[in-house]
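Read the figures in this text as sums done on the coordinates, not as results from a lab. No experiment lies behind these values; they were computed from the predicted model shown. For neighbour counting, all protein chains shown are included, and Cβ atoms are generated from backbone atoms with ideal geometry for every residue, glycine included.
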Amino acid sequence: MDITAISALVIVLLLFFALILGFVLAYFLARFNFEIKLGKFKQEIEKKQQEDIEKARKEAIAQSRSVLGGKFVEQVIPYLPDFRYDPTEARFIGSPIDLIVFPGLASGNPQEIVIIEIKSGKNSHLTASEAKIRELIENGMVRWELIERPAENEK
């Protein structure tokens, strides 16, 4: 082998190693760029998740306050000036209806039974159960039932 062939072989080998080195460098640069973008993406996702969690917490707190406020009003409403009945004749039930009022009960002469559902706020529509109860009452599907238990010494 002469010097020219050896020189050509060395040049080909150097070019081959340079090409491989170029591919390796390109791979690591692409990987580095990908990892940077992936890291930014992960940070954005985590930030969005934290924002969503915080928003959900605030909404849950607001909803809880609204529900608690509503429950409070339901129990206090018989004592407010606009309540049309004697508060001592009202009984809080809570669910599925809020109050039952027995007008005349305080004087020992009840005249009727009034079933009251209290609604407030923007979501003041009846639930399906409340609507069904109203329908049953309006259709006269209400009755009296007495349950008698024998005294302990009668068993």
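Hey, among the residues in region 76-90 that are surrounded by 12 or more Cβ atoms within 10 Å (Cβ to Cβ) and of a type in the set (D, E, K, R), which one's farthest from Val114 (Cα to Cα)? Filtering first and then ranking leaves Asp86.
On inspection, Thr127 passes the criterion of being without any contact (Cβ under 8 Å) to a residue 60 or more places away in the chain, within 26 Å of Gly140 (Cβ to Cβ) and hydroxyl-bearing (Ser, Thr, Tyr). In region 96-110, the qualifying residues are those that are part of a loop (DSSP other than H, G, I, E, B) and touching a residue at least 24 places away in the same chain (Cβ under 8 Å), and the one that is surrounded by the fewest Cβ atoms within 10 Å (Cβ to Cβ) is Pro96. Report yes if Ile77 is in contact with a Phe, Trp or Tyr (Cβ under 8 Å, 6 or more places away or on another chain), among the β-branched types (Val, Ile, Thr) and assigned to a helix (DSSP H, G or I), otherwise no. Yes: the conditions hold for Ile77. Taking residues in region 57-86 that are without any contact (Cβ under 8 Å) to a residue 60 or more places away in the chain, and partners anywhere that are among the hydroxyl-bearing types (Ser, Thr, Tyr), the pairs with Cβ atoms closer than 8 Å and at least 6 places apart or on different chains are Gly70/Ser120; Val73/Ser120; Pro78/Tyr85.
Okay, residues lined up against (1) hydrophobic (A, V, I, L, M, F, W, C); (2) within 24 Å of Gly69 (Cβ to Cβ):
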site	(1), (2)
Val101	yes, yes
Leu105	yes, no
Asn109	no, no
Thr127	no, yes
Glu130	no, yes
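Asn153 - would you say it is without any contact (Cβ under 8 Å) to a residue 40 or more places away in the chain, polar (S, T, N, Q) and in a helix (DSSP H, G or I)? Yes, satisfied.
For region 85-92, the criterion of being part of a loop (DSSP other than H, G, I, E, B) and under 30 Å from Leu136 (Cα atoms) is satisfied by at least one residue. Within region 111-140, take every residue that is in a loop (DSSP other than H, G, I, E, B) and touching a helix residue (DSSP H, G or I) at 6+ places or on another chain (Cβ under 8 Å) and give me the one that is surrounded by the fewest Cβ atoms within 10 Å (Cβ to Cβ). Selected residue: Gly121.
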